[in-house]
Amino acid sequence: MTKEQEVKDYMMQHLPDYYDYLRIPGISAQDTGIDETVQWLTDKFTALGAVEVKQWHELGGNPVLYAEFAGKSDQTLLFYNHYDVQPPEPLDEWESEPFEPTAKNGKLYARGVADDKGELISRLILVQYFAEHGGLPLNLKFIVEGQEEVGSPTIQDYVHAHQEELTAEACIWEGGGKDEDEKFKITAGLKGILSFDMEVETAETDLHSSLASYADNAAWRLVQALNSLKDANGKILVDGYYDDIKPLEPAAQKALEEMEFNEAEVKKQFGLKTPLVTDQPLQELTNGTTMTINGINAGYTGPGVKTVIPRQAQAKFDCRLVPDQRPTKIYELIRQHLDAHGFEDIKLKYQVGEDPSRTSLEDEFVKLNIAIAQEVYGTDGISIVPNSAGTGPGAQFVEELDLPLVSVGIGYSGNGPHGPNEHIRDQDFRDGSWFMYRLLEEYGQK
Ligand SMILES: [Zn+2]
């Protein structure tokens, strides 16, 4: 049997060892199962022979787990993962119990199996494999947080406080895998995010709608404010919003040109009913910023008639940010925009902010990832992504710990994270784990 076959078989053989981990509903948004998850992982890290296992909780929030494994070289790689998962709702759309791992047709279903438990499981089974086959080729450190699904409010503080322990040469982010065209992605960065609420109040009580003759309406006022933020072409009208966006380096621009965007497939997948808002979707996904209304709430929307003037209206927003935009500055610019347009009465509430980050594609660690991916998936089987369109608290790792950051893993575009029937495919678990095996082996020799 080849080494590759042996490792892949070993992965599948040991995956069920982690079913108990998948059974724990560690839901940060609902504050359930956190202690149990932390204990389970602490025991697992210890059982796997970690030289150091710690639960950091001195800065508040859900505990951050830290573990360290000693390897044969001086080289150290840091893994970032999270143990919390999204709530399983809507429950009636699941075809199996969300917290009962269910293997079916070459897939494994469970809440969190793709985001992000399966990725950590793959990495931990590899630790065990190496331990049983001559030892790890390099030192590994794991930082596993428990509030990623609620915007990672504390991880930046923990990373800052534990810089020394987190010293490494490179960082592998929470996960990755295959894109819509079944190409294995090597992603070298993350967008940032700002989320905030907007609220307007026009009276202390809802009014009879006959009084609309003289009284203002919170819903209209909110709509007018919203309308001032973007033009009909989708351009964000907030002064300075685009100013800090850094052009892509030539290597990233080149990678972008080699990426494919399957418009027909995307339209089919989501059942899009309106045209795309851009003719450069890849450029926008990579180095474009957004401003998204996540929800609007005002007045009566139930059946029948209710002639009322709503007294208040709210909207929820997120903005995806790219280097070097900063959430606090963008928030400030939006405030200034509202004030300058006569919307001083509209209140903003800052929810979450994360800085964007991007590692150069010319970095040696990125290049090694690309080389191993080409070996495992073939030259045509990979896609180099300068940064994902998604967000994570990566900036701290890149800037403060000064690490190159790469996202690679065992997922695929149909995993359905956050939705019902979240799953991973056995094939991706095998291949992605073999990729990681090869990466650890080669990076240990650098
Ligand atoms: Zn995640």
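The values are calculated or read from the model by the stated rules, or taken from the named source; none is laboratory data. Note that the coordinates shown come from a computational prediction; the quantities given were computed from them, not determined experimentally. Note: ideal-geometry Cβ built from the backbone for every residue, glycine included; neighbour counts use all protein chains shown. Calculation scope for accessible area: heavy atoms of the full protein, side chains included, ligands and nucleic acids excluded. Shrake-Rupley method; radii C 1.70, N 1.55, O 1.52, S 1.80 Å.
Using only alpha carbon pairs under 8 Å that are at least six residues apart, calculate the relative contact order of the stretch 196-354 and give it in whole percent.
43
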Quick one: which residues, 5 or more positions from K107 or on another chain, have an amide H under 5 Å from its amide H? H modelled 1.01 Å from N in the peptide plane, none for Pro or chain starts. D426
Ellipticity estimate at 222 nm from DSSP helix runs (n ≥ 4, -39,500 (n - 2.57)) divided over the chain, nearest 500: -9500 deg cm²/dmol
Zone reached by a paramagnetic label modelled 7 Å from K254 Cα along Cα→Cβ, restricted to the stretch 279-293 with backbone N below 19 Å, covers 283, 287
For the pair L348/K72, report the inter-label distance in nm, with labels modelled 7 Å from Cα in the Cβ direction. 5.5
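Gain in length, K235 to E52, computed as 0.36 nm per residue apart minus the alpha-carbon separation, to one decimal in nm? Intermediate values should be presented prior to the final figure.
Details: separation 183, 0.36 × 183 = 65.88 nm, distance 5.02 nm.
Here the segment from K235 to E52 would lengthen by 60.9 nm.
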Expressed in nanometres to one decimal, the distance between label points 7 Å along Cα→Cβ at M12 and N297 is 4.7
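Sort the following peptides by mean Cβ neighbour count (other Cβ atoms within 10 Å, averaged over residues), highest first: 12-22, 190-200. It would help to have the intermediate numbers written out before the result.
Numbers: 12-22: 16.5, 190-200: 23.2.
Ranked from most to least packed, the peptides come out as 190-200, 12-22.
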Under-5 Å amide H pairs with G177, H placed in peptide plane, nonlocal only: K185, G409, G411
Which value, in Å², gives the accessible area per residue of the chain when a 1.4 Å probe is used on the protein heavy atoms? 45
For the charge dipole of the stretch 297-446, defined by +1 on Lys and Arg C-beta atoms and -1 on Asp and Glu C-beta atoms about the Cα centroid, which residue among A373, V406, Y437 has the Cα displaced farthest towards the positive pole? V406
Among H133, G342, G302, the residue whose Cα sits farthest towards the positive end of the charge dipole of the chain, when +1 is placed on the Cβ of each Lys and Arg and -1 on the Cβ of each Asp and Glu, is G302
Taking 7 Å along the Cα-to-C-beta vector as the label spot, tell me the L276-E89 distance in nanometres, rounded to one decimal. 3.4
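What size of dipole, in debye to the nearest 20, comes out for the chain about its Cα centre when the only charges are +1 on Lys and Arg C-beta atoms and -1 on Asp and Glu C-beta atoms? Could the numbers behind the result be given before it?
Values: 39 positive and 76 negative charges, 159 e Å.
Dipole of the chain, to the nearest 20 debye: 760 debye.
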Give the long-range amide H neighbours of V85: residues separated by 5 or more places, or on another chain, with amide H under 5 Å away, using H modelled in the peptide plane at 1.01 Å from N. G26, I27, S28
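Roughly how many debye, to the nearest 20, is the charge dipole of the stretch 366-446 about its Cα centre, given +1 on each Lys and Arg Cβ, -1 on each Asp and Glu Cβ, and no other charges? Mind showing how you got there, number by number?
Details: 5 positive and 11 negative charges, 21 e Å.
Here the stretch 366-446 has a charge dipole of around 100 debye.
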To the nearest 20 debye, what is the magnitude of the charge dipole of the stretch 1-131 about its Cα centre, counting +1 on the Cβ of each Lys and Arg and -1 on the Cβ of each Asp and Glu? 520
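Could you sort 84-93, 423-432 so that the peptide with the highest average Cβ count within 10 Å comes first and the rest follow in order? Write out the running numbers ahead of the final one.
On the way: 84-93: 16.0, 423-432: 22.9.
Going from most to least packed, we get 423-432, 84-93.
Determine the shape class of the chain: with a ≥ b ≥ c the square roots of the Cα gyration tensor eigenvalues, call it rounded for a/c under 1.5, and otherwise prolate if a/b is greater than b/c, oblate otherwise.
Details: a/c = 1.88, a/b = 1.70, b/c = 1.11.
Since a/c reaches 1.5 and a/b is larger than b/c, the shape of the chain is classed as prolate.
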Find the relative contact order for the chain and round it to a whole percent, using C-alpha pairs within less than 8 Å whose residues are 6+ positions apart. 26
For the stretch 47-103, with +1 on Lys and Arg beta carbons and -1 on Asp and Glu, the positive-most of S73, F99, V85 along the dipole: S73
Of K254/K367; K230/K347; K72/K178, which sit over 23 Å apart, Cα to Cα? K72/K178
Take the alpha-carbon centre of the stretch 378-417, take the same for the stretch 199-246, and report the distance between them in whole Å. 36
Looking at the chain, send over the antiparallel percent of its DSSP beta bridges, to the nearest 5. 70
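Using a 1.4 Å probe on the protein heavy atoms, what percent of the accessible area of the chain belongs to carbon and sulfur?
Details: 9530 of 19860 Å².
Roughly 48 percent, rounded to a whole number.
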Return the single residue from I384, I27, I334 with maximal mean-square fluctuation; model: Gaussian network over the chain, springs between Cα atoms under 10 Å. I334
